[in-house]
1. Scan region B:264-288 for residues that are under 15 Å from residue B:210 (Cβ atoms) and aromatic (Phe, Trp, Tyr) and report the count.
2. Search region B:241-287 for residues being touching a Gly at 6+ places or on another chain (Cβ under 6 Å) and among the polar types (S, T, N, Q), and hand back the single one that is farthest from the other protein chains (Cβ to nearest Cβ).
3. If you go through region B:149-162 one residue at a time, how many are within 23 Å of residue B:122 (Cα to Cα) and more than 7 Å from chain A (Cβ to nearest Cβ)?
4. Within region B:167-177, is even one residue away from chain A (no Cβ under 14 Å) and free of Cβ contacts under 8 Å to residues at least 60 places away in the same chain?
5. Looking only at region B:95-102, decide whether some residue is on the phi < 0 side of the Ramachandran plot, polar (S, T, N, Q) and in a strand (DSSP E or B).
6. Can you find even one residue in region B:140-148 that is closer than 21 Å to residue B:254 by Cβ, of a type outside the set (A, V, I, L, M, F, W, C), more than 10 Å from chain A (Cβ to nearest Cβ) and in contact (Cβ under 8 Å) with a residue 12 or more places away in the chain?
7. Could you list all residues from region B:163-190 that are modelled with pLDDT under 95, under 30 Å from residue B:126 (Cβ atoms) and of a type in the set (S, T, N, Q)?
8. Taking residue B:238, is it within 13 Å of chain A (Cβ to nearest Cβ) and either small (Gly, Ala, Ser) or under 21 Å from the mean Cα position of the chain (by Cα) (or both)?
Amino acid sequence: MYDRKNKEWRPSFSLLSFAGNLCKPITVMKTMQTLTPILRPQRWYFPVLLAASLLAACTSEQAPEPTYNTDCATVEVKTARIYELVQQHCTNRSCHPGTGSPLLADFSTPVKLKSYITANGASWAFRVTASNADMPQSQGYPTLPRSVRDSIACWVSKGMPD
Amino acid sequence: MLHLRLLTVLLLPASMAMAQEDLGAIFGKDSVRRDPVTATFKSTRIINGQSNETLAKRDLDFRVAHRFGDIGGSGGGSSTFFGLDNSTDIRIAFEYGITDKLTAGVSRAKGSGNFSQMWEVLGKYKLLQQTHDNRIPVGVTLFANAVVSSMKSSPDKEDVYYFDKFSDRAGYVAQAVIARKFGNAVSLALTPSFVHRNRVGYKDMNNMFALGVGGRLRFSNRVALVADYFYAFRDEESKDYYAARGTDFYNSLGVGVEIETGGHVFHLNFTNATAVLENQFIPETTSTWRNGQFRWGFNISRRFSLGGR
């Protein structure tokens, strides 16, 4: 604490005087001397700030348990509805109509769609209806909701009824 | 006079070799053999996984990695020209050596797994380098990346790719690559890994540990056999849940040939992993060699020296 009579700082162990000691000009000066070289703009600022911002964005979310109906026995899906979805998500931007690339999967008519699925059932399931399906690909198409993928899978499993 | 010059040119290499032997005798064998072991691997990646190598200061590495479709199985065969008609993942990266030990980079990958349209920021730091005298028996390199997907969000909350907020799109990987070069022909790497994905599907794991093993067997100065394998520690509950819904997870295995052609390192490989990024191929590989679900792939690395060396 500061002894006004003798005009000097004296050691003290109370909390208040400890706080006061921290504010002593000499302490502040020494602290500044120590921190200045560390706080000077340096190369490590950018990686440290980057790492801190990335860590701040670190969360742990889990999708809720699926509640959609996966019981195909109760799902009524017809070719017309599925083909509408295929036109909406797969054939409206020069993909899969049979005229653009790739020619491999031609969905230009419901018949051609069905014949492709018949010949490439596993590939269709893997790329369109599986949980990690990669179709439709990134060309501005909206991704297929899980419920739509399940409806398509049910339609295929029932023999693609019209 | 001409004969004298010719004699000097012929004898100069021999005299230089003798001088080197003399230096070795003066400083002792240890001083020479304490040098760091270099070129444990030729490239910064083995096949799927990282090697312990970093770029030299001011070197820019332009990398392209490509994975084709299944060679065999129902998605492969002659109708897809053994997978060459399809691509499961493509990654284009620029990596730069800030110092000889620190590499930073950015990349864009198509993505294969839960997310697509992946943007990556990566950093790699060479912590320890193996020495010839075994004073440091292994090299240790730290690797970390952060990946963000720019794909459209699903409207369905139950989907993995439903993004309520930006952080749902992000994932991270941290690895320590512990590598050792045995003589001139064999190099091995052990890679403890940690994968964090901010958003995962129901019963999937946000945090996953994995252990990678990789190696390189050199046949000549330019050609080597490379292989790597990652064992993902996925808990049984998660495995069972997904198996009951028809999705099995597998560990990634890649084997390939590494060809060095002066400035280029070319990897021609086969792997069951569809994805290129660690954030995806470690926790999300669902294809297996046993069903013919392996594919051709290549990694091309072209280095540019920007330091005027």
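1. Total satisfying the criteria: 1.
2. Let us first name the residues in region B:241-287 that are touching a Gly at 6+ places or on another chain (Cβ under 6 Å), namely B:267-269, B:271, B:275, B:279-280, B:284.
Restricting the remaining residues to those that are among the polar types (S, T, N, Q) gives B:269, B:271, B:279-280.
Details: B:269: 20, B:271: 17, B:279: 13, B:280: 9 Å.
Among them, the one singled out is B:269.
3. Counting residues in region B:149-162 that are within 23 Å of residue B:122 (Cα to Cα) and more than 7 Å from chain A (Cβ to nearest Cβ) gives 2.
4. Kept after step one, since they are away from chain A (no Cβ under 14 Å), are these residues of region B:167-177: B:175-177.
Subsequent filtering for residues that are free of Cβ contacts under 8 Å to residues at least 60 places away in the same chain retains B:176.
The answer is yes, given that some residue of region B:167-177 is away from chain A (no Cβ under 14 Å) and free of Cβ contacts under 8 Å to residues at least 60 places away in the same chain.
5. First, the residues of region B:95-102 that are on the phi < 0 side of the Ramachandran plot: B:95-102.
Narrowing further to those that are polar (S, T, N, Q): B:99.
From what is left, the residues that are in a strand (DSSP E or B) are none.
No, that holds for no residue.
6. Step one: list which residues in region B:140-148 are closer than 21 Å to residue B:254 by Cβ, which gives B:141, B:143, B:145, B:147.
Right, trim to of a type outside the set (A, V, I, L, M, F, W, C) and you get B:141, B:145.
With the extra rule that they be more than 10 Å from chain A (Cβ to nearest Cβ), the set shrinks to B:141.
Add one more test, that the residue is in contact (Cβ under 8 Å) with a residue 12 or more places away in the chain, and what stays is B:141.
So far as region B:140-148 goes, yes, one or more of its residues are closer than 21 Å to residue B:254 by Cβ, of a type outside the set (A, V, I, L, M, F, W, C), more than 10 Å from chain A (Cβ to nearest Cβ) and in contact (Cβ under 8 Å) with a residue 12 or more places away in the chain.
7. Of everything in region B:163-190, just one residue is modelled with pLDDT under 95, under 30 Å from residue B:126 (Cβ atoms) and of a type in the set (S, T, N, Q), namely B:184.
8. Numbers: within 13 Å of chain A (Cβ to nearest Cβ): yes; either small (Gly, Ala, Ser) or under 21 Å from the mean Cα position of the chain (by Cα) (or both): yes.
So residue B:238 passes the test.
The values are calculated or read from the model by the stated rules, or taken from the named source; none is laboratory data. Every value quoted in this text rests on a predicted model; they were computed, and no experiment measured them. Glycine also receives a Cβ, built like all others from the backbone with ideal geometry; neighbour counts cover every protein chain displayed.
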